[in-house]
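Where a number appears in this text, it was derived from the coordinates with a stated rule and is not lab data. It should be emphasised that the depicted structure is a prediction, and the values quoted were computed from it without experimental measurement. Ideal geometry is used to build each Cβ from the backbone, glycine not excepted, and the neighbour counts take in all protein chains shown.
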C-alpha cells in the first residue's frame, strides 16, 4: 500500500509553545490529506481536511486558529498546534488519499504530543 | 453526525480461534474499510469494500459489504498472537466530498496463547 510518514513520532513541549507536525506522502501525490485526533482507548476524531493549495476545512468544534494546517505541496501537509496547553496532549494522526476514485485512505504512524 | 456502531467493543479469545466483528450504520455507505491499529501506531488498511454484497479476503481475513449498504463484517480465521490490536471499521457516506470517513468505536482483540 501507499506510504504516509509523520514526523515527529513523539514530542514533549512546554505549555504556551507551538508544535509543528509534518505529514508526508512518500510514494504518491495527495491533493487531500486529513488530520485526526485520538484520545486513549477511543476512535479517531476527524479534525480537518487539508487541501493542497487552498484553506483547510475544519470540523465543527475544532479551532482553526489553534490548529493551523498548511498543505503547500502535493506530498506535505503540516499541523501546527499553537500556544499548546496540557489539554492539547493527544495522539495526532494524518492520512492521505491515494487515487481519485477510491476510498482508500492510508495513515501515518501518528504523533504523540505531550504538553507539560 | 453520522455514527457507526461497531461490536463487540472487546474480545478475549484463545489462539487459533476464529474472530468475527461487525459494524452497522443508520445510513447508506458507498465504501467500507477495515483497519487495524497497534499501540502507538497509525491505522493500517486491511480490506477495502466498494460494492454491496462484495466479499473480499486478505489472507486469514475476510470482510463483506452488506447488501443493504448499512453494515459490514470482518472475520479472522485461526487467530495468531500478532492479530492482537484494535480493529476499526470506517465508512464513506454517499455524496460526502473529499472521501471523509466515519469510524466505528473499535474492537480491541486480546489473544491468550
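Points worth noting:
- Computed over chain B: relative contact order in percent, which uses C-alpha pairs under 8 Å that are six or more apart: 37 percent
- Measure of compaction for segment B:21-78 (Cα Rg per 2.2 N^0.38 Å): 1.13
- Stokes-Einstein diffusion of the protein assembly as shown at 20 °C, 1.002 mPa s viscosity, Kirkwood radius from Cα pairs, rounded to a whole number: 119 µm²/s.
- FRET E, pair residue A:26, residue B:78, Förster distance 25 Å, beta-carbon r, rounded to 0.05: 0.15
- Each of A:91, A:106 has some number of other Cβ atoms within 10 Å of its Cβ, and from fewest to most they run A:91, A:106.
- Classified by the C-alpha gyration tensor, chain B has a prolate form. Its axis ratio a/c, with a ≥ b ≥ c, is 1.5 or above, and a/b is larger than b/c.
- From the Kirkwood radius over Cα pairs of segment A:1-46, Stokes-Einstein at 37 °C and 0.692 mPa s returns a whole-number translational diffusion coefficient of 254 µm²/s.
- Cα Rg, Dmax, segment A:56-116, angstrom units: 13.2, 42
- If R0 is 41 Å, the Cβ-Cβ spacing of residue A:116 and residue A:54 corresponds to a FRET efficiency of close to 0.75.
- Mean per-residue shielding of peptide A:31-42 is 2, counting Cβ atoms of other chains within 10 Å of each Cβ.
- Each principal axis of segment A:1-92 carries a Cα extent, and these read 35, 25, 24 Å when sorted largest first.
- Alpha-carbon centroid distance for the pair segment B:40-88 / segment A:33-93, whole angstrom: 27 Å
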